[in-house]
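The values are calculated or read from the model by the stated rules, or taken from the named source; none is laboratory data. Please read these numbers as outputs of a predicted model, since none were measured by experiment. Reconstructed Cβ throughout: ideal geometry from the backbone, glycine too, with neighbour counts over all protein chains shown. Accessible surface areas use protein heavy atoms only, side chains included; no ligands, DNA or RNA. Shrake-Rupley method; radii C 1.70, N 1.55, O 1.52, S 1.80 Å.
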Amino acid sequence: MNRRKLLFGLLGLGCLAAGTVVQGVGSRATALVSEAGGDYVLVAALSGVALLAALPVVVSGRESELQQVETPDPEVPVRVPPAGREFDETVRGWDYRTPVLGDSTRQRVKTRLRKAAVEAVMRERNCGRSRARRLVRRGEWTDDAEAASFLGSPSRSTLATAVSALPRRRTPAEFRARRTAEAIYAVSGGTGR
């Protein structure tokens, strides 16, 4: 960039010097213009300006000033936790399994599962939110009685849930939450979010 400034500066000084010299030779310049014609002088002047403007472009096109961009590193896949990891960690946690102390955590999980069930029913049955809520509340959204009673009105006994959860080494609350999540996944056609 500094070379260009220097070049234009020298070019400007050269034009100034030429104008000063030509001023003393005014009669010869007038004779030349009258001999060549006004159109020729105009074309010659414009051509000279165009050449002077093109000169820096030609000079800057040398290979020494060529800057190439290097290719970036290829993209690598972003590591994300597997789907349902947060749910698994919450349901496995001691605060979810503790009968009295885990009430708020269990309620949060139940609320999230209810919301997911309503959305799955809305998509699967193509109905509105209020109708989907009604179906979930009544337990008519799935054939799984355990999941239906967990989100709706409990019609299944806690003793039956405890007996079903025992061989899997889970608490009844964890067993019901997992069964509900599986039912929501089945209702959504296996395309759950």
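Annotations
- Residue 149 satisfies every condition listed in (1) open to solvent by 40 Å² or more (accessible area, probe 1.4 Å); (2) closer than 13 Å to residue 183 by Cβ except (1).
- Annotation: of all residues in segment 122-146 being of a type in the set (Asp, Glu) and open to solvent by 50 Å² or more (accessible area, probe 1.4 Å), the one that is farthest from residue 184 (Cα to Cα) is 140.
- Any chance residue 56 is open to solvent by less than 60 Å² (accessible area, probe 1.4 Å) and at pLDDT 70 or above: yes
- Residue match in segment 76-89 (condition: within 26 Å of the chain's Cα centre (by Cα), under 26 Å from residue 140 (Cα atoms), touching a residue at least 12 places away in the same chain (Cβ under 8 Å) and surrounded by 14 or more Cβ atoms within 10 Å (Cβ to Cβ)): yes
- Of all the listed residues (106, 114), the sole one being assigned to a helix (DSSP H, G or I), of a type in the set (Lys, Arg) and at pLDDT below 90 is 106.
- Count of residues meeting criterion [open to solvent by less than 50 Å² (accessible area, probe 1.4 Å) and either within 19 Å of residue 172 (Cβ to Cβ) or not charged (D, E, K, R) (or both)] in segment 92-121: 13
- Checked against (1) within 19 Å of residue 170 (Cα to Cα); (2) charged (D, E, K, R); (3) part of a loop (DSSP other than H, G, I, E, B), residue 140 passes all but a single condition, namely (1).
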